[in-house]
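Below is one structure, written out as structure tokens; comments come after it.
The values are calculated or read from the model by the stated rules, or taken from the named source; none is laboratory data. No experiment lies behind these values; they were computed from the predicted model shown. All Cβ positions, glycine included, derive from the backbone under ideal geometry; neighbour counts span all protein chains shown.
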Amino acid sequence: MKDQKTLDEPINDLEKWDRARTLMLESLMKPDTALRNCAINQGCKDDLMSIRDNVINMVRDMENPHTPPLEFGKKNKHVEPTIETPNGNISETLMSGALGAYYMSDQREY
């Protein structure tokens, strides 16, 4: 991780945050022999490396706070699994409720 030069073009907050996260990950992944030697001397190198791995995963999974909000009606990225019934597909949540048997009966009018 050697910074060659500053950027000539301006960047937005979204991109700045992503670059900061990338630099943080590089910092966490870079071997620190002095710290690791201290951990070896104190008998906690395995714990140190486990914490390091957990922090790396946390940083990777962090969402950028500058990401624009989702469109109206799209609150999250959750996709509800559906079940095929004689009347069409319904969510597993509805099927698990008190009316599950009703949804499984054939309600179509011919």
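Just a few scattered comments:
- All positions within segment 29-60 that are under 18 Å from the mean Cα position of the chain (by Cα) and either touching a residue at least 12 places away in the same chain (Cβ under 8 Å) or not in a helix (DSSP H, G or I) (or both): R52, V55, I56, V59, R60
Residues are listed down the side, and each one gets a yes or a no for (1) in the same structural domain as R21 (by TED's automatic domain parsing); (2) modelled with pLDDT under 90; (3) closer than 30 Å to I11 by Cβ:
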{"residue": "N54", "(1), (2), (3)": "yes, no, yes"}
{"residue": "E71", "(1), (2), (3)": "no, yes, yes"}
{"residue": "T85", "(1), (2), (3)": "no, yes, no"}
{"residue": "G88", "(1), (2), (3)": "no, yes, no"}
{"residue": "A101", "(1), (2), (3)": "no, yes, no"}
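- Here the condition is being exposed (fewer than 10 other Cβ atoms within 10 Å of the Cβ), at pLDDT 90 or above and under 30 Å from N12 (Cβ atoms); of E63, E26, it holds for E63 alone.
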